[in-house]
Amino acid sequence: MSSLPLVLCAKSPWNPPIRREHAFAREAALHRHTVDFVEQPADIRALARIGRRWLRLASGGADPATAVDNLAVWGRYVPAPGHRGKLAAMADNALLARLLRCLVAGPDATVVANAPWQWPAVAKSQAGRRVFDCADNWAAMLPRRERRIRELCRHIAAEADAVIVVNPSLAELFPGRDVTVVRNATAASRCEGAPTPCPGTRRLVYVGTLSERFDAPLMGDVLDLLPDWHLTLYGPCQYAGQADAPGEELRHLLEAHPTRATWKGAARPTELAGALDGADVLVLPNRSSLSTGQDSMKLYDYCARGRPIVATRLDRAGTATEAPHVLWTASAREFADAIRCASEEDPRLAGDRVRWAAQQTYAARWPQWAAAVFGDLAEGDRPLGDPAQHGVRP
């Protein structure tokens, strides 16, 4: 099959490359597609970090590309995030449209957008296919922008060549439109060498983005109930209005338990297995009200290392709730009791989790995602007898 250009307008920066869009960009490059990965843009908050260069880049739109094999990474800079309001969205789309005019060389190119406020620029591109890959319920995550986000999703439903969702419940954002469900996954390499023996140090580990979705007050109560346990947090902070700093809830958790709760920042991909293996129990304390439409990547990565898992009850429709031997809880008391139980589980259960995760990899998801993104052009990427999964209708 000939090399088809893919431009992926991502909802995150390239580093650390740990998210869904990074995985599919790498898979596309491995399948001989030329890939331009357009990063989530930095905004005025980057001025202190990069100085006057921000002013030049904010008017010019993008950094020169960083190339890795046949994958190029483009940094973007905007005055303000595109979801903040009408003027911010206009500026963001004008700059993105300018970059897409440079990157989209002809009708054989496909452009994939991850965030709905990117769509106006993507819709105007000269790409042969324009696709939306929805991994978050943006209307629920940004309630003050819900009306505008739903309006953009209606445009996407009418204009996109394909709509991909991570969870069937997200189909309601795209009324009247068939969608393709492609769930999250883990990297095959995550399973290598797993499971390892638990360290026996009474350590809880959380790996993932820290935001309002992370139930910090719950974990504070859990630590009060488990005075001989420690909690280590790995991940970037994305609290509203806090840039990359901890929000008030997380600060309170760290200050209330200064010797037993530690935030390590984001773990590099090469460090992730070691971070997970440092736990006796892995925890997923997310607020259910802010997890609608999710398919938690943490569950896949957690299972890949085989460790016991305790989680709050999530939106069960379409998320990875068939992951084996996960202890689902509601209250802090249930969570603490489940941790005690998990720390004494039969070690053979770890192997079940690793085997399940080994079947839930991005390499295994690739044929389905590629079929939706490239349409008939992806036939060469899809093994015979491996049909794409379509037909989820709101």
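The values are calculated or read from the model by the stated rules, or taken from the named source; none is laboratory data. Predicted model, so just to flag it, every value in this text is computed and none were measured. Quick reminder, even Gly has a Cβ in these numbers, built from the backbone with ideal geometry, and neighbours come from all protein chains shown.
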| query | Any residue at all in the range 157-168 that is at pLDDT below 95, under 23 Å from the mean Cα position of the chain (by Cα) and surrounded by fewer than 20 Cβ atoms within 10 Å (Cβ to Cβ)? | reply | yes
| remark: The residue from ALA91, ALA123, ALA65, ALA139 that alone is surrounded by fewer than 22 Cβ atoms within 10 Å (Cβ to Cβ) and at pLDDT 95 or above is ALA123
| Are there any pairs with C-beta distances below 6 angstrom linking a residue in the range 149-177 that is assigned by TED's automatic domain parsing to the domain that holds VAL373 and over 23 Å from LEU290 (Cβ atoms) to a residue that is crowded, with 23+ Cβ neighbours inside 10 Å and small (Gly, Ala, Ser), with the two at least 6 apart or on different chains, and if so which? | ALA162/ALA372
| Considering the range 213-239 alone, what residues qualify as being modelled with pLDDT of 95 or more and either part of a helix (DSSP H, G or I) or under 18 Å from SER288 (Cα atoms) (or both)? | PHE214, ASP215, ALA216, PRO217, LEU218, MET219, GLY220, ASP221, VAL222, LEU223, ASP224, LEU225
| On the given criteria, is LEU290 modelled with pLDDT under 95, within 17 Å of the chain's Cα centre (by Cα) and closer than 22 Å to ILE18 by Cα? | yes
| task | For residues that are of a type outside the set (A, V, I, L, M, F, W, C), within 17 Å of the chain's Cα centre (by Cα) and farther than 25 Å from ASP352 by Cα, tally how many sit in the range 252-287. | result | 3
| message | Among the residues that make up the range 33-42, is at least one of them surrounded by fewer than 14 Cβ atoms within 10 Å (Cβ to Cβ), in contact with a helix residue (DSSP H, G or I) (Cβ under 9 Å, 6 or more places away or on another chain) and either at pLDDT below 95 or hydrophobic (A, V, I, L, M, F, W, C) (or both)? | response | no
| request: Consider PRO217 carefully, then state whether it is free of Cβ contacts under 8 Å to residues at least 40 places away in the same chain, touching a helix residue (DSSP H, G or I) at 6+ places or on another chain (Cβ under 7 Å), more than 17 Å from GLU271 (Cα to Cα) and not assigned by TED's automatic domain parsing to the domain that holds GLN126. | output: yes
| Test: residue in the range 240-247 that is under 20 Å from the mean Cα position of the chain (by Cα), part of a helix (DSSP H, G or I) and either farther than 20 Å from VAL326 by Cα or in contact (Cβ under 8 Å) with a residue 24 or more places away in the chain (or both) | no
| If you scan the range 72-84, which residues turn out to be modelled with pLDDT of 90 or more and either touching a Phe, Trp or Tyr at 6+ places or on another chain (Cβ under 6 Å) or closer than 28 Å to ILE149 by Cβ (or both)? | VAL73, TRP74
